[in-house]
Amino acid sequence: MSEQEMTAIQVTDKGDVLGAEETSTLKKSASAPAAPAATATAPMTMMMGGSVLTLVFITFVLVIVNIGSDRMMNNQLGKKISNKLDSISDQLDTVSAFQYSEVGIALDLDTNYCSGAKVDLANFNCTQAVIDGVEQSGANVTEGYEGLINANSTPPITTPYYQAGLCPVNVHWHLGAEHLSVGEYDEHGKGPYDSYAIYDGEGATEVDSYRRKLGAGGVRIGYQCQYYDESDSKYTKAYDWEHCTDMVVGQTYEIHWPHSTVGACGTPYQYQTPFYDGVFCNYAAMAPNGTTTHNNVGVQSQTFTVVNDENYYYPDLFKGMMVAGDYGSDIAYYTGSTTGTSRDNDICSAYSPITWQVDRKCHLISASSFDKMCADMKAQVDDMSKDLYAHGARMLVSDELAAKQVV
């Protein structure tokens, strides 16, 4: 901005900035050259001498008379502007959230209003889930697979989530894949030695010397992809992780991006850990309107093998599934539930039905892409540190607990 343009910006006595039209007028005035001074003749000087002295004296008196009131007006205007700026500064220093109310979104001070928004629903016996047709996840997403639960009354969202009004509210990942996609991530997959992995014979398999018993620390590993090649350095060369923890090059991870229509979309508190707080952030206000889960809550899922190779770098893994070329080109749509190792085929999740959009393919991703995602998580207002490592994988759900795929 030039000096003349800065001069043209004026503040009224109400602290308002003049509009474009006024500013334009002022700019023209400010940029106009000063008129040249006229050359006065000697007779004219003599004739005007007395008048000029008189005018100067009168002007001096008027200045003395009005200077007090001018200073007072300027001080009042300055105080108004100063108070306005102080008020704005105070708000910027203290505002840390937006609060949902009956009249919309309003400023809320120093409050993560999504914290504790989780709707608590206890796990329950899967026998009852079979009777009631409460579908579960993760399921077999191989093309053509059909679970035994008919979920036609609660169909999944089959458009991109943003088109249905959902925004991402969290990102986290599981060690190995919770879903099964035959030929992509399944029981024939392979990976490196991982001291963080617990093998129970139901998901990934490993040689006996690498097996760890449940309860020995670490988390349950799910299915693995089939890329791993110990003779190829991109699968074996260690990476210097700065932000993610307990990660291993060559290992398989399934990333989940929970989405919601009642999250704190577009606010500093959009991303939450635990993800339930993000998913249900504004649910209390929306529930009376008959909000249902299958068309208001959804998860994107994409499975990767991590490599130490910058040819597979992607800078924005934080915000959602990769959709480009082969990435995100073959999607399974179905309704299921939340996952995690607190559930299996005996104990089921009550958070159902929710939409799942699962990429059936396994893809390669650079370790630096994952680490960049973790750095982005650390930059959020809410503390996401409990999602900076892989969570355990739930056992694949049985046919009688799985819904039929739409696609």
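The values are calculated or read from the model by the stated rules, or taken from the named source; none is laboratory data. Computed from a predicted structure; not experimentally measured. Backbone-built Cβ (ideal geometry, glycine too); neighbour counts: all protein chains shown. Accessible surface areas use protein heavy atoms only, side chains included; no ligands, DNA or RNA. Shrake-Rupley method; radii C 1.70, N 1.55, O 1.52, S 1.80 Å.
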Exercise for review: Give segment 256-289 a look and list any residue that's farther than 17 Å from Lys378 by Cα, touching a residue at least 24 places away in the same chain (Cβ under 8 Å) and among the hydrophobic types (A, V, I, L, M, F, W, C), or say none.
Suggested key: Val262, Ala264, Cys265, Val279, Phe280, Cys281, Ala284, Ala285, Met286
Practice item. Evaluate the following for Glu184: is it open to solvent by less than 50 Å² (accessible area, probe 1.4 Å), modelled with pLDDT of 95 or more and within 14 Å of Trp356 (Cβ to Cβ)? Key: no
Study note, to complete from the structure: Per the filter on segment 371-383, residues within 13 Å of Pro268 (Cα to Cα) and either of a type in the set (A, V, I, L, M, F, W, C) or touching a Gly at 6+ places or on another chain (Cβ under 6 Å) (or both) are Met377, Ala379, Val381
Check your understanding: What number of residues in segment 221-238 are assigned to a loop (DSSP other than H, G, I, E, B) and of a type outside the set (S, T, N, Q)?
Key -> 9
Check your understanding: Can you find a residue in segment 78-95 that is in a helix (DSSP H, G or I), open to solvent by less than 80 Å² (accessible area, probe 1.4 Å), of a type in the set (A, V, I, L, M, F, W, C) and at pLDDT 55 or above?
Key -> no
Check your understanding: Which ones in segment 397-407 are under 28 Å from Gly325 (Cβ atoms) and crowded, with 19+ Cβ neighbours inside 10 Å?
Key -> Gln405
Check your understanding: Restricting the search to segment 346-385, which residues are in contact with a helix residue (DSSP H, G or I) (Cβ under 9 Å, 6 or more places away or on another chain), open to solvent by less than 30 Å² (accessible area, probe 1.4 Å) and among the acidic types (Asp, Glu)?
Key -> Asp382
Review point. Does segment 213-232 contain at least one residue that is among the small types (Gly, Ala, Ser), open to solvent by 60 Å² or more (accessible area, probe 1.4 Å), more than 24 Å from Ala403 (Cα to Cα) and modelled with pLDDT of 95 or more?
Key: yes
Study note, to complete from the structure: Checking Ala375, Ala393 in turn, the sole residue that is under 20 Å from Phe124 (Cα atoms) and touching a residue at least 60 places away in the same chain (Cβ under 8 Å) turns out to be Ala393
Check your understanding: Would you call Arg343 of a type in the set (Lys, Arg), part of a loop (DSSP other than H, G, I, E, B) and open to solvent by 10 Å² or more (accessible area, probe 1.4 Å)?
Key -> yes
Exercise for review: Considering each residue of segment 157-181, count those that are buried (at least 23 other Cβ atoms within 10 Å of the Cβ), part of a loop (DSSP other than H, G, I, E, B) and not β-branched (Val, Ile, Thr), and give that number.
Suggested key: 4
Practice item. Enumerate the pairs (first residue in segment 156-176 and on the phi > 0 side of the Ramachandran plot; second residue anywhere and hydroxyl-bearing (Ser, Thr, Tyr) and open to solvent by less than 10 Å² (accessible area, probe 1.4 Å)) with beta-carbon separation below 6 Å, excluding pairs fewer than 6 apart on the same chain, so at least 6 apart or on different chains. Key: Gly176/Thr252
Study note, to complete from the structure: Considering segment 293-322, residues that are open to solvent by 60 Å² or more (accessible area, probe 1.4 Å) and in contact (Cβ under 8 Å) with a residue 60 or more places away in the chain, and then whichever is nearest to Thr252 (Cα to Cα), we arrive at Lys319
Review point. Which of the residues that make up segment 187-196 are hydroxyl-bearing (Ser, Thr, Tyr) and either open to solvent by less than 60 Å² (accessible area, probe 1.4 Å) or part of a strand (DSSP E or B) (or both)?
Key: Tyr196
Review point. Does segment 233-245 include one or more residues that are open to solvent by 40 Å² or more (accessible area, probe 1.4 Å), hydroxyl-bearing (Ser, Thr, Tyr) and touching a Ser or Thr at 6+ places or on another chain (Cβ under 8 Å)?
Key: yes
Review point. Say we look at segment 114-133 and pick out the residues that are assigned to a loop (DSSP other than H, G, I, E, B) and open to solvent by less than 30 Å² (accessible area, probe 1.4 Å); which of these is farthest from Pro274 (Cα to Cα)?
Key: Gly133
